[in-house]
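Everything on this sheet refers to the single structure shown next.
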Amino acid sequence: MALILSHLIEACSPYIPVLIFLVAIAVLLGDRSQRTRILRKIPGPPAYPLLGNLPDMPRNTREIVPVMRRLCERFPGVMHTSLGSIHYVVVSSAEAAEPVLGSKRFLDKGIDYGPVRPWLGLGLLTSTGDKWHTHRKLITPAFHFAVLEPYLEVMNECSGALVRRLRAAGTGFINVWPFISDATLDVICETAMGVNLSFQSGSASEYKAALQTMGNIIHMKSLRPWLRNDSIFWLLGWKHTQDKALNFLHSFTQSVIRERKMLLKEGMNTPSETPSRKRLAFLDLLLSSAKNGALLTDEEIREEVDTFMFEGHDTTSSGITWALFNIGRMPEVQRKIHDELDEVMAGRDTPPTRDDLAQMKYLEWTIKESMRVCPPVTTYSRTLPEAAQILGYDVPAGTDVLFFPHMIHRDPRHWADPDRFEPERFQPERSAGRHPYSYLPFSAGPRNCIGQRFALMEEKAVISAVLREFRVESRRQYDESMMNVCLTLQSNGPVEVRFVPRDRE
Ligand code: HEM
(Lines give C-alpha, C1' and ligand atoms only; values in the text may rest on other atoms or scores of the structure.)
Protein backbone atom coordinates (compact mmCIF):
# COMPACT_ATOMS: atom_id res chain seq x y z
CA MET A 1 0.00 0.00 0.00
CA ALA A 2 2.77 2.38 1.05
CA LEU A 3 4.59 1.48 -2.15
CA ILE A 4 1.56 2.28 -4.32
CA LEU A 5 1.17 5.59 -2.51
CA SER A 6 4.79 6.53 -2.98
CA HIS A 7 4.54 5.67 -6.71
CA LEU A 8 1.43 7.81 -6.95
CA ILE A 9 3.14 10.77 -5.25
CA GLU A 10 6.15 10.34 -7.50
CA ALA A 11 3.93 10.30 -10.60
CA CYS A 12 2.08 13.42 -9.46
CA SER A 13 5.12 15.36 -8.19
CA PRO A 14 5.60 17.55 -11.31
CA TYR A 15 2.01 18.75 -10.85
CA ILE A 16 2.23 19.48 -7.12
CA PRO A 17 3.21 23.18 -7.49
CA VAL A 18 0.31 23.64 -9.94
CA LEU A 19 -2.06 21.90 -7.50
CA ILE A 20 -0.88 24.05 -4.60
CA PHE A 21 -1.36 27.15 -6.76
CA LEU A 22 -4.92 26.13 -7.72
CA VAL A 23 -5.85 25.33 -4.11
CA ALA A 24 -4.43 28.68 -2.98
CA ILE A 25 -6.49 30.54 -5.63
CA ALA A 26 -9.61 28.62 -4.60
CA VAL A 27 -9.05 29.50 -0.93
CA LEU A 28 -8.39 33.15 -1.83
CA LEU A 29 -11.48 33.41 -4.01
CA GLY A 30 -13.52 31.59 -1.37
CA ASP A 31 -12.26 34.05 1.22
CA ARG A 32 -12.92 37.00 -1.13
CA SER A 33 -16.45 35.90 -1.94
CA GLN A 34 -17.10 35.27 1.76
CA ARG A 35 -15.91 38.84 2.50
CA THR A 36 -17.96 40.19 -0.40
CA ARG A 37 -21.06 38.38 0.87
CA ILE A 38 -20.66 39.98 4.31
CA LEU A 39 -19.97 43.41 2.81
CA ARG A 40 -22.97 43.25 0.47
CA LYS A 41 -25.25 43.24 3.54
CA ILE A 42 -24.22 46.86 4.10
CA PRO A 43 -26.51 49.18 2.11
CA GLY A 44 -25.02 50.68 -1.03
CA PRO A 45 -25.59 51.18 -4.74
CA PRO A 46 -26.00 47.90 -6.68
CA ALA A 47 -22.69 46.71 -8.14
CA TYR A 48 -22.06 45.89 -11.83
CA PRO A 49 -20.33 42.58 -12.65
CA LEU A 50 -16.53 42.93 -12.51
CA LEU A 51 -16.72 46.76 -12.41
CA GLY A 52 -18.41 47.05 -9.02
CA ASN A 53 -19.63 50.64 -8.60
CA LEU A 54 -17.06 52.14 -10.95
CA PRO A 55 -19.76 53.55 -13.31
CA ASP A 56 -21.48 55.35 -10.36
CA MET A 57 -18.29 57.04 -9.24
CA PRO A 58 -17.21 60.63 -9.97
CA ARG A 59 -15.32 60.99 -13.24
CA ASN A 60 -13.19 63.89 -12.06
CA THR A 61 -12.21 65.61 -8.83
CA ARG A 62 -14.87 68.32 -9.28
CA GLU A 63 -17.64 65.75 -9.17
CA ILE A 64 -16.47 64.07 -5.96
CA VAL A 65 -18.39 66.23 -3.47
CA PRO A 66 -21.77 66.33 -5.33
CA VAL A 67 -21.65 62.61 -6.29
CA MET A 68 -20.61 61.48 -2.82
CA ARG A 69 -23.27 63.70 -1.29
CA ARG A 70 -26.00 62.11 -3.41
CA LEU A 71 -24.79 58.62 -2.51
CA CYS A 72 -24.46 59.39 1.21
CA GLU A 73 -27.97 60.88 1.26
CA ARG A 74 -29.32 57.70 -0.37
CA PHE A 75 -27.40 55.44 2.02
CA PRO A 76 -26.99 57.49 5.20
CA GLY A 77 -24.44 56.67 7.92
CA VAL A 78 -22.59 53.81 6.31
CA MET A 79 -22.43 52.57 2.73
CA HIS A 80 -20.64 49.80 0.84
CA THR A 81 -19.13 50.48 -2.59
CA SER A 82 -16.57 48.69 -4.68
CA LEU A 83 -14.21 49.78 -7.42
CA GLY A 84 -13.57 46.60 -9.37
CA SER A 85 -12.46 44.15 -6.71
CA ILE A 86 -11.51 46.82 -4.12
CA HIS A 87 -14.18 47.26 -1.47
CA TYR A 88 -14.75 50.42 0.53
CA VAL A 89 -17.03 51.10 3.45
CA VAL A 90 -17.85 54.81 3.43
CA VAL A 91 -18.71 56.42 6.76
CA SER A 92 -20.85 59.58 6.79
CA SER A 93 -22.20 59.84 10.33
CA ALA A 94 -20.79 60.41 13.81
CA GLU A 95 -22.28 57.15 15.11
CA ALA A 96 -20.62 55.16 12.32
CA ALA A 97 -17.26 56.92 12.72
CA GLU A 98 -16.90 56.42 16.48
CA PRO A 99 -16.37 52.62 16.65
CA VAL A 100 -13.41 52.81 14.24
CA LEU A 101 -11.80 56.20 14.90
CA GLY A 102 -12.29 55.91 18.66
CA SER A 103 -10.72 52.47 18.97
CA LYS A 104 -7.07 51.62 19.61
CA ARG A 105 -7.57 48.45 17.53
CA PHE A 106 -7.96 50.29 14.23
CA LEU A 107 -4.86 52.41 13.79
CA ASP A 108 -3.61 51.19 10.38
CA LYS A 109 -3.90 53.68 7.53
CA GLY A 110 -5.78 52.71 4.35
CA ILE A 111 -4.25 51.70 1.01
CA ASP A 112 -4.73 55.28 -0.26
CA TYR A 113 -1.72 56.43 1.76
CA GLY A 114 0.69 54.39 -0.41
CA PRO A 115 1.46 57.27 -2.82
CA VAL A 116 2.88 59.52 -0.04
CA ARG A 117 5.33 56.87 1.22
CA PRO A 118 8.20 57.56 -1.23
CA TRP A 119 8.33 61.10 0.18
CA LEU A 120 7.33 60.72 3.83
CA GLY A 121 8.56 57.15 4.41
CA LEU A 122 7.07 56.01 7.69
CA GLY A 123 6.53 59.31 9.50
CA LEU A 124 3.67 59.88 11.94
CA LEU A 125 1.02 60.12 9.23
CA THR A 126 1.84 56.82 7.54
CA SER A 127 3.47 54.59 10.17
CA THR A 128 1.69 52.09 12.36
CA GLY A 129 2.32 49.69 15.26
CA ASP A 130 5.19 50.24 17.69
CA LYS A 131 6.92 52.81 15.51
CA TRP A 132 3.85 55.06 15.35
CA HIS A 133 3.20 54.60 19.07
CA THR A 134 6.75 55.52 20.17
CA HIS A 135 7.00 58.48 17.80
CA ARG A 136 3.56 59.85 18.68
CA LYS A 137 4.53 59.75 22.38
CA LEU A 138 7.83 61.43 21.63
CA ILE A 139 6.41 64.18 19.41
CA THR A 140 3.23 65.02 21.36
CA PRO A 141 5.02 67.37 23.83
CA ALA A 142 6.25 69.45 20.85
CA PHE A 143 2.62 70.48 20.25
CA HIS A 144 1.91 71.53 23.83
CA PHE A 145 0.42 75.04 24.19
CA ALA A 146 3.49 76.41 25.93
CA VAL A 147 5.88 75.02 23.31
CA LEU A 148 3.76 76.45 20.49
CA GLU A 149 3.77 79.98 21.91
CA PRO A 150 7.06 81.12 20.29
CA TYR A 151 5.66 80.07 16.90
CA LEU A 152 3.09 82.84 17.18
CA GLU A 153 5.92 85.28 16.50
CA VAL A 154 6.64 83.49 13.18
CA MET A 155 2.93 83.43 12.32
CA ASN A 156 2.63 87.16 13.07
CA GLU A 157 5.66 88.01 10.93
CA CYS A 158 4.33 85.97 8.01
CA SER A 159 0.87 87.52 8.42
CA GLY A 160 2.47 90.98 8.30
CA ALA A 161 4.14 90.11 4.99
CA LEU A 162 0.82 88.76 3.68
CA VAL A 163 -1.01 91.98 4.58
CA ARG A 164 1.67 94.02 2.78
CA ARG A 165 1.28 91.85 -0.34
CA LEU A 166 -2.51 92.16 -0.26
CA ARG A 167 -2.26 95.95 0.07
CA ALA A 168 0.06 96.04 -2.92
CA ALA A 169 -2.43 93.95 -4.92
CA GLY A 170 -4.99 96.81 -4.84
CA THR A 171 -8.73 96.64 -4.27
CA GLY A 172 -9.84 94.59 -7.28
CA PHE A 173 -10.85 90.93 -7.00
CA ILE A 174 -7.86 88.57 -6.81
CA ASN A 175 -7.44 84.83 -6.56
CA VAL A 176 -6.54 84.51 -2.91
CA TRP A 177 -5.10 80.92 -3.00
CA PRO A 178 -1.49 81.69 -4.04
CA PHE A 179 -1.17 84.49 -1.48
CA ILE A 180 -2.30 82.28 1.39
CA SER A 181 -0.35 79.29 0.14
CA ASP A 182 2.94 81.27 0.17
CA ALA A 183 2.20 82.59 3.66
CA THR A 184 1.51 79.12 5.12
CA LEU A 185 4.64 77.74 3.42
CA ASP A 186 6.71 80.44 5.10
CA VAL A 187 5.16 79.56 8.47
CA ILE A 188 5.75 75.81 8.20
CA CYS A 189 9.34 76.10 6.87
CA GLU A 190 10.37 78.34 9.70
CA THR A 191 8.55 76.40 12.43
CA ALA A 192 9.33 72.85 11.24
CA MET A 193 12.92 73.34 10.06
CA GLY A 194 13.94 76.72 11.43
CA VAL A 195 14.59 77.94 7.89
CA ASN A 196 13.26 81.14 6.39
CA LEU A 197 12.79 80.48 2.67
CA SER A 198 10.65 83.57 2.08
CA PHE A 199 8.15 82.18 -0.40
CA GLN A 200 6.17 85.41 -0.04
CA SER A 201 8.97 87.44 -1.55
CA GLY A 202 9.15 85.09 -4.52
CA SER A 203 12.27 83.13 -3.58
CA ALA A 204 12.63 79.36 -3.02
CA SER A 205 11.00 78.63 -6.35
CA GLU A 206 12.90 75.33 -6.71
CA TYR A 207 11.67 74.06 -3.35
CA LYS A 208 8.11 75.16 -4.16
CA ALA A 209 8.26 73.48 -7.58
CA ALA A 210 9.45 70.21 -5.99
CA LEU A 211 6.61 70.39 -3.43
CA GLN A 212 4.10 70.99 -6.20
CA THR A 213 5.47 68.11 -8.30
CA MET A 214 5.12 65.73 -5.36
CA GLY A 215 1.63 67.05 -4.58
CA ASN A 216 0.57 66.45 -8.21
CA ILE A 217 2.07 62.96 -8.35
CA ILE A 218 0.43 61.89 -5.09
CA HIS A 219 -2.89 63.27 -6.27
CA MET A 220 -2.59 61.58 -9.66
CA LYS A 221 -1.71 58.22 -8.10
CA SER A 222 -4.76 58.46 -5.83
CA LEU A 223 -7.03 59.01 -8.83
CA ARG A 224 -5.41 56.57 -11.24
CA PRO A 225 -4.57 53.43 -9.26
CA TRP A 226 -2.75 51.84 -12.24
CA LEU A 227 0.01 54.44 -11.74
CA ARG A 228 0.76 52.73 -8.42
CA ASN A 229 2.23 49.88 -10.42
CA ASP A 230 5.99 50.58 -10.43
CA SER A 231 6.54 49.41 -14.02
CA ILE A 232 3.70 51.53 -15.48
CA PHE A 233 4.82 54.51 -13.38
CA TRP A 234 8.36 54.10 -14.74
CA LEU A 235 7.27 53.46 -18.34
CA LEU A 236 5.19 56.67 -18.40
CA GLY A 237 8.21 58.67 -17.27
CA TRP A 238 6.81 59.66 -13.88
CA LYS A 239 9.44 57.80 -11.88
CA HIS A 240 12.17 60.08 -13.22
CA THR A 241 10.13 63.22 -12.38
CA GLN A 242 9.40 61.89 -8.90
CA ASP A 243 13.03 60.93 -8.25
CA LYS A 244 14.20 64.39 -9.22
CA ALA A 245 11.69 66.14 -6.92
CA LEU A 246 12.33 63.72 -4.05
CA ASN A 247 16.07 63.99 -4.42
CA PHE A 248 15.76 67.75 -4.02
CA LEU A 249 13.33 67.64 -1.07
CA HIS A 250 15.14 64.88 0.82
CA SER A 251 18.57 66.46 0.31
CA PHE A 252 17.25 69.81 1.49
CA THR A 253 15.82 68.37 4.74
CA GLN A 254 18.95 66.27 5.27
CA SER A 255 21.24 69.27 4.89
CA VAL A 256 19.15 71.28 7.38
CA ILE A 257 19.30 68.35 9.82
CA ARG A 258 23.10 68.16 9.44
CA GLU A 259 23.46 71.88 10.10
CA ARG A 260 21.21 71.84 13.16
CA LYS A 261 22.95 68.75 14.52
CA MET A 262 26.31 70.43 14.27
CA LEU A 263 25.05 73.39 16.24
CA LEU A 264 23.69 71.03 18.88
CA LYS A 265 27.03 69.19 19.04
CA GLU A 266 28.85 72.42 19.55
CA GLY A 267 26.85 72.76 22.74
CA MET A 268 24.33 75.28 21.51
CA ASN A 269 21.37 73.42 22.85
CA THR A 270 18.78 76.03 22.14
CA PRO A 271 18.57 78.14 19.02
CA SER A 272 18.38 81.26 21.18
CA GLU A 273 22.07 80.58 21.82
CA THR A 274 22.86 80.25 18.14
CA PRO A 275 23.85 83.26 16.13
CA SER A 276 21.70 82.42 13.09
CA ARG A 277 18.45 81.20 14.66
CA LYS A 278 16.38 82.76 17.35
CA ARG A 279 13.68 80.14 17.76
CA LEU A 280 13.26 76.47 18.48
CA ALA A 281 11.94 74.55 15.46
CA PHE A 282 10.18 71.16 15.61
CA LEU A 283 13.39 69.76 14.17
CA ASP A 284 15.40 71.03 17.16
CA LEU A 285 12.96 69.34 19.50
CA LEU A 286 13.35 66.05 17.63
CA LEU A 287 17.13 66.39 17.69
CA SER A 288 17.14 67.20 21.42
CA SER A 289 15.02 64.15 22.14
CA ALA A 290 17.46 62.03 20.14
CA LYS A 291 20.28 63.55 22.19
CA ASN A 292 18.40 62.71 25.38
CA GLY A 293 18.50 59.02 24.59
CA ALA A 294 15.35 58.55 22.49
CA LEU A 295 16.20 56.42 19.50
CA LEU A 296 15.44 58.50 16.42
CA THR A 297 17.77 57.96 13.49
CA ASP A 298 18.55 60.80 11.09
CA GLU A 299 16.30 59.12 8.53
CA GLU A 300 13.40 58.97 11.02
CA ILE A 301 13.88 62.64 11.87
CA ARG A 302 13.85 63.42 8.13
CA GLU A 303 10.58 61.50 7.74
CA GLU A 304 8.94 63.41 10.59
CA VAL A 305 10.11 66.83 9.38
CA ASP A 306 8.90 66.04 5.84
CA THR A 307 5.58 64.87 7.31
CA PHE A 308 5.14 68.27 9.00
CA MET A 309 6.01 69.99 5.73
CA PHE A 310 3.41 67.89 3.89
CA GLU A 311 0.64 67.98 6.52
CA GLY A 312 1.28 71.48 7.74
CA HIS A 313 0.85 73.84 4.80
CA ASP A 314 -1.79 72.74 2.23
CA THR A 315 -4.21 71.98 5.06
CA THR A 316 -3.88 75.36 6.75
CA SER A 317 -3.89 77.21 3.44
CA SER A 318 -7.15 75.45 2.48
CA GLY A 319 -8.64 76.28 5.91
CA ILE A 320 -7.66 79.97 5.74
CA THR A 321 -8.70 80.45 2.10
CA TRP A 322 -12.16 78.94 2.60
CA ALA A 323 -12.59 80.93 5.83
CA LEU A 324 -11.79 84.22 4.04
CA PHE A 325 -14.16 83.24 1.23
CA ASN A 326 -16.96 82.44 3.71
CA ILE A 327 -16.38 85.63 5.72
CA GLY A 328 -16.36 87.63 2.48
CA ARG A 329 -19.84 86.42 1.55
CA MET A 330 -21.36 86.93 5.04
CA PRO A 331 -21.29 90.70 5.87
CA GLU A 332 -23.02 90.21 9.23
CA VAL A 333 -20.45 87.61 10.36
CA GLN A 334 -17.66 89.92 9.20
CA ARG A 335 -19.11 92.87 11.12
CA LYS A 336 -19.09 90.81 14.32
CA ILE A 337 -15.46 89.77 13.76
CA HIS A 338 -14.44 93.38 13.11
CA ASP A 339 -16.20 94.52 16.31
CA GLU A 340 -14.46 91.79 18.28
CA LEU A 341 -11.03 92.59 16.80
CA ASP A 342 -11.46 96.31 17.52
CA GLU A 343 -12.42 95.53 21.10
CA VAL A 344 -9.66 92.97 21.79
CA MET A 345 -6.87 94.95 20.13
CA ALA A 346 -8.21 98.28 21.50
CA GLY A 347 -6.42 100.57 19.04
CA ARG A 348 -3.01 98.87 19.46
CA ASP A 349 -1.12 98.32 16.25
CA THR A 350 1.11 95.57 17.68
CA PRO A 351 0.66 91.91 16.65
CA PRO A 352 -1.68 89.83 18.83
CA THR A 353 -0.38 87.90 21.84
CA ARG A 354 -1.60 84.43 22.76
CA ASP A 355 -4.03 86.04 25.25
CA ASP A 356 -5.39 88.32 22.52
CA LEU A 357 -6.01 85.31 20.29
CA ALA A 358 -7.74 83.52 23.17
CA GLN A 359 -10.19 86.43 23.42
CA MET A 360 -11.12 86.26 19.72
CA LYS A 361 -13.97 83.86 20.38
CA TYR A 362 -16.24 84.84 17.52
CA LEU A 363 -13.35 84.55 15.07
CA GLU A 364 -12.62 81.07 16.42
CA TRP A 365 -16.27 79.97 15.98
CA THR A 366 -16.18 81.33 12.42
CA ILE A 367 -13.00 79.39 11.58
CA LYS A 368 -14.53 76.23 13.05
CA GLU A 369 -17.78 76.77 11.16
CA SER A 370 -15.82 77.27 7.95
CA MET A 371 -14.02 73.93 8.51
CA ARG A 372 -17.40 72.32 9.16
CA VAL A 373 -18.80 73.50 5.85
CA CYS A 374 -15.52 73.16 3.91
CA PRO A 375 -13.35 70.55 5.70
CA PRO A 376 -9.75 71.00 4.42
CA VAL A 377 -8.99 67.26 4.59
CA THR A 378 -11.77 65.72 2.53
CA THR A 379 -11.27 62.01 3.28
CA TYR A 380 -9.08 59.76 5.38
CA SER A 381 -9.16 56.02 5.76
CA ARG A 382 -8.20 52.95 7.79
CA THR A 383 -7.57 49.34 6.79
CA LEU A 384 -9.14 47.13 9.45
CA PRO A 385 -6.65 44.58 10.87
CA GLU A 386 -9.62 42.73 12.40
CA ALA A 387 -13.38 42.64 11.92
CA ALA A 388 -15.46 45.55 13.22
CA GLN A 389 -19.13 46.38 13.73
CA ILE A 390 -20.42 49.63 12.25
CA LEU A 391 -24.05 50.58 12.93
CA GLY A 392 -24.81 46.90 13.52
CA TYR A 393 -23.20 45.72 10.25
CA ASP A 394 -20.24 43.34 10.22
CA VAL A 395 -17.21 44.73 8.44
CA PRO A 396 -14.60 42.01 7.80
CA ALA A 397 -10.87 42.33 8.48
CA GLY A 398 -8.90 43.74 5.53
CA THR A 399 -11.64 46.21 4.51
CA ASP A 400 -10.80 49.86 3.87
CA VAL A 401 -13.07 52.25 5.79
CA LEU A 402 -13.25 55.74 4.32
CA PHE A 403 -14.39 58.76 6.37
CA PHE A 404 -16.17 61.60 4.61
CA PRO A 405 -16.34 64.63 6.95
CA HIS A 406 -18.25 66.74 4.40
CA MET A 407 -21.38 64.65 5.10
CA ILE A 408 -20.58 63.83 8.76
CA HIS A 409 -20.68 67.63 9.22
CA ARG A 410 -24.06 67.87 7.52
CA ASP A 411 -26.01 65.39 9.58
CA PRO A 412 -29.21 67.29 10.47
CA ARG A 413 -29.53 65.32 13.72
CA HIS A 414 -26.42 67.12 15.01
CA TRP A 415 -26.37 70.25 12.84
CA ALA A 416 -29.75 71.92 12.30
CA ASP A 417 -30.11 73.42 8.81
CA PRO A 418 -26.62 72.08 8.01
CA ASP A 419 -25.91 74.06 4.83
CA ARG A 420 -26.40 77.39 6.61
CA PHE A 421 -23.19 79.18 7.70
CA GLU A 422 -23.65 80.02 11.37
CA PRO A 423 -20.59 80.48 13.65
CA GLU A 424 -22.84 80.65 16.75
CA ARG A 425 -23.24 76.85 16.53
CA PHE A 426 -19.87 76.69 18.30
CA GLN A 427 -20.95 78.74 21.32
CA PRO A 428 -20.17 76.60 24.39
CA GLU A 429 -23.83 76.38 25.42
CA ARG A 430 -24.83 75.13 21.96
CA SER A 431 -21.88 72.75 21.67
CA ALA A 432 -22.51 71.06 25.02
CA GLY A 433 -23.79 67.52 24.55
CA ARG A 434 -23.11 67.41 20.80
CA HIS A 435 -21.87 64.01 19.62
CA PRO A 436 -18.02 64.04 19.93
CA TYR A 437 -17.62 62.46 16.47
CA SER A 438 -20.01 64.85 14.69
CA TYR A 439 -17.21 67.36 13.98
CA LEU A 440 -14.12 65.76 12.46
CA PRO A 441 -11.99 68.23 10.44
CA PHE A 442 -8.98 66.99 12.43
CA SER A 443 -10.27 63.40 12.71
CA ALA A 444 -10.63 62.11 16.31
CA GLY A 445 -9.42 59.38 18.64
CA PRO A 446 -5.83 58.15 19.03
CA ARG A 447 -4.79 59.09 15.47
CA ASN A 448 -6.28 62.56 15.41
CA CYS A 449 -4.33 65.50 14.00
CA ILE A 450 -1.36 66.20 16.25
CA GLY A 451 -1.06 69.69 14.74
CA GLN A 452 -4.60 70.94 15.38
CA ARG A 453 -3.67 73.52 18.06
CA PHE A 454 -0.91 74.80 15.83
CA ALA A 455 -3.33 74.98 12.88
CA LEU A 456 -6.00 76.89 14.82
CA MET A 457 -3.41 79.32 16.18
CA GLU A 458 -2.10 79.92 12.65
CA GLU A 459 -5.57 80.39 11.15
CA LYS A 460 -6.46 82.88 13.89
CA ALA A 461 -3.18 84.80 13.58
CA VAL A 462 -3.40 85.09 9.80
CA ILE A 463 -7.13 85.87 9.52
CA SER A 464 -7.09 88.37 12.40
CA ALA A 465 -4.15 90.19 10.78
CA VAL A 466 -6.00 90.36 7.45
CA LEU A 467 -9.30 91.49 8.97
CA ARG A 468 -7.73 94.11 11.21
CA GLU A 469 -6.54 95.70 8.01
CA PHE A 470 -9.26 94.94 5.43
CA ARG A 471 -12.92 94.38 4.75
CA VAL A 472 -13.09 91.32 2.53
CA GLU A 473 -15.66 90.70 -0.15
CA SER A 474 -16.18 87.47 -2.11
CA ARG A 475 -17.23 87.64 -5.73
CA ARG A 476 -19.63 84.70 -5.54
CA GLN A 477 -21.83 82.76 -3.15
CA TYR A 478 -21.06 79.26 -1.93
CA ASP A 479 -22.20 76.35 -4.01
CA GLU A 480 -20.95 72.78 -3.91
CA SER A 481 -19.88 72.70 -7.54
CA MET A 482 -16.98 75.01 -6.69
CA MET A 483 -15.34 72.34 -4.52
CA ASN A 484 -12.47 70.42 -6.02
CA VAL A 485 -11.20 67.48 -4.02
CA CYS A 486 -7.43 67.19 -4.36
CA LEU A 487 -5.11 66.20 -1.49
CA THR A 488 -6.93 68.92 0.42
CA LEU A 489 -10.14 70.75 -0.44
CA GLN A 490 -9.31 73.09 -3.32
CA SER A 491 -11.58 75.15 -5.52
CA ASN A 492 -12.74 74.57 -9.01
CA GLY A 493 -11.30 77.80 -10.47
CA PRO A 494 -10.01 80.80 -8.53
CA VAL A 495 -11.41 81.91 -5.16
CA GLU A 496 -11.91 85.56 -5.92
CA VAL A 497 -11.91 87.93 -3.00
CA ARG A 498 -11.21 91.64 -2.80
CA PHE A 499 -9.49 93.37 0.08
CA VAL A 500 -10.66 96.90 0.83
CA PRO A 501 -8.48 98.71 3.41
CA ARG A 502 -10.61 99.59 6.44
CA ASP A 503 -8.82 102.92 6.88
CA ARG A 504 -10.18 104.03 3.51
CA GLU A 505 -13.80 103.30 4.40
C1 HEM B 1 -6.38 73.13 9.13
C2 HEM B 1 -5.29 72.40 9.20
C3 HEM B 1 -5.24 70.91 9.39
C4 HEM B 1 -6.21 69.97 9.18
C5 HEM B 1 -7.64 70.19 8.72
C6 HEM B 1 -5.63 68.68 9.50
C7 HEM B 1 -6.32 67.48 9.44
C8 HEM B 1 -5.77 66.26 9.78
C9 HEM B 1 -6.48 65.01 9.73
C10 HEM B 1 -7.93 64.84 9.29
C11 HEM B 1 -5.63 64.05 10.13
C12 HEM B 1 -5.93 62.56 10.25
C13 HEM B 1 -5.53 61.91 8.98
C14 HEM B 1 -5.73 60.42 9.01
O15 HEM B 1 -6.43 59.86 9.83
O16 HEM B 1 -5.14 59.80 8.14
C17 HEM B 1 -4.36 64.67 10.43
C18 HEM B 1 -3.25 63.99 10.87
C19 HEM B 1 -2.03 64.59 11.09
N20 HEM B 1 -1.75 65.95 11.02
FE21 HEM B 1 -3.06 67.40 10.56
N22 HEM B 1 -4.33 68.87 9.87
C23 HEM B 1 -4.05 70.21 9.83
C24 HEM B 1 -2.85 70.82 10.15
C25 HEM B 1 -1.72 70.16 10.58
C26 HEM B 1 -0.47 70.80 10.92
C27 HEM B 1 -0.25 72.31 10.91
C28 HEM B 1 0.41 69.81 11.24
C29 HEM B 1 1.84 69.90 11.68
C30 HEM B 1 2.51 70.98 11.91
C31 HEM B 1 -0.29 68.55 11.11
C32 HEM B 1 0.28 67.32 11.33
C33 HEM B 1 -0.41 66.13 11.29
C34 HEM B 1 0.21 64.84 11.54
C35 HEM B 1 1.67 64.59 11.86
C36 HEM B 1 -0.82 63.88 11.43
C37 HEM B 1 -0.69 62.37 11.64
C38 HEM B 1 -0.98 62.09 13.10
C39 HEM B 1 -0.95 60.62 13.46
O40 HEM B 1 -1.36 59.78 12.66
O41 HEM B 1 -0.52 60.33 14.58
N42 HEM B 1 -1.58 68.80 10.71
N43 HEM B 1 -4.47 66.02 10.21
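The values are calculated or read from the model by the stated rules, or taken from the named source; none is laboratory data. Note that the structure is predicted; figures quoted are calculated from it, not measured. Here the Cβ is made from the backbone with ideal geometry for all residues, glycine too, and neighbour counts use every protein chain on show. For accessibility, only protein heavy atoms count, side chains too; no ligands or nucleic acids. Shrake-Rupley method; radii C 1.70, N 1.55, O 1.52, S 1.80 Å.
The table below lists the values:
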quantity	calculated
Folded to 0 to 90 degrees: helix 129-139 orientation relative to the chain principal axis, Cα	10
Intensity falloff of the chain expressed as log10 I(q)/I(0), Debye formula with alpha-carbon point scatterers, at q = 0.05, 0.08 Å⁻¹	-0.22, -0.55
Hydrodynamic radius by Kirkwood, which averages 1/r over all alpha carbon pairs of region 326-377, in angstrom	11.9
0 to 90° range, to nearest 10: angle between helix 205-223 axis and the chain longest Cα axis	40
In nm, spacing of pseudo-spin labels at Leu285 and Thr241 (7 Å Cα→C-beta vector)	3.6
Convex hull volume per residue for region 407-479, taking Cα atoms only, in Å³	135
Greater than 24 Å apart at Cα, pairs in Lys104/Lys137; Lys41/Lys221; Lys131/Lys244; Lys221/Lys244	Lys41/Lys221; Lys131/Lys244
Within the chain, percent of DSSP bridges classed antiparallel, to nearest 5	85
Probe 1.4 Å, protein heavy atoms only - accessible area per residue of region 54-504 in square angstrom	42
Residues of type lysines that Lys361 reaches as a straight line, Cα spacing below 21 Å, ignoring anything fewer than 8 places off in the same chain	Lys336, Lys460
